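S.K.: Below are the structure tokens for one structure; questions will follow.
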Amino acid sequence: MARYFCHDHPGTLTLATRVAATRPGAVTLDQSPFYPGGGGQLADRGVLRWSGGEATVKGFEYADGRMWILLPDGVEISGPLEAMVDPAFRTMMTQMHTATHVLNALVFQQFDGALVTGVQMNDDGTARMDFDLPNADNDRLRALEAPINDAIRQGLPVQCTYVPIEEAQETRGLIRSRSVAPPPTPEGTIRIVEIVGLDRQACGGTHLSNTAECRPIRLLKIDNKGRHNRRIRIGFAH
């Protein structure tokens, strides 16, 4: 789990920086405000703007130990520039990611520590979470909508810390995925997102600073996906 600029400076969506390296169709920057995606969260959208023009960010790629920002064919950039994150898309992803943590917390607490088997946030303001819940009553799962929105209304602070990987592995509930453990930072730590009074778990995504910043959530559908897997689909209520 890399430690991104956006982890330490989540409110900085426009950043004056410089091109550190270039190759055909891609650049790396001295510092980048973009979240490149991961953990079910879609990558940021945005633009790079410099004295000679502007280019839309097409995506991100890791190679040669660097995070490359992918650009339209034929675009060449060097020197200073502004990196600008799309604020509306970042806000939607950040709200939805925080909402999935609230859902995850309630499932973990009320269904005997059930683990996540998959998660995906979508660009239409919906998300799905898969849980290892072989014997769960779907009516009990549907009843989670009210406590999810109660946690949102309470305005619980959301904060991030880093703990040694050994502590994360040994502490029940910090790593919630059944099959994937988040990789440590180069310093050997794991990023922990805490919703104060409700939940702590490892995560590398972007989050709100307070649950009250999230729009209300609706449980859209619950599917049985195989003998063990329950898929819960959620979306913004308005």
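Computed from the coordinates by the stated procedures, all read-outs in this text should not be read as laboratory data. None of the values given here were measured: they were computed from a predicted structure.
S.K.: Along region 169-174, what does the Karplus equation 6.51 cos²θ - 1.76 cosθ + 1.60 (θ = phi - 60°) give for ³J(HN,Hα), rounded to whole Hz, x for Gly and Pro?
M.R.: Once rounded to whole Hz, the list reads 6, 8, 9, 4, x, 6.
S.K.: To continue, here is another question. Over what distance in Å are the Cα centres of region 167-202 and region 43-65 separated?
M.R.: The distance from the Cα centre of region 167-202 to that of region 43-65 comes to 29 Å.
S.K.: Tell me the angle of helix 87-110 to the major Cα principal axis of the chain, expressed in degrees between 0 and 90 and rounded to the nearest ten.
M.R.: Here the helix axis deviates by roughly 30 degrees.
S.K.: Once amide H atoms are placed 1.01 Å from N in the peptide plane, what residues at a sequence separation of 5 or more from LEU115, or on another chain, have their amide H within under 5 Å of its amide H?
M.R.: ASP132
S.K.: Taking only Cα atoms, what is the 0 to 90° angle, nearest 10, from helix 145-154's long axis to the longest principal axis of the chain?
M.R.: 60 degrees
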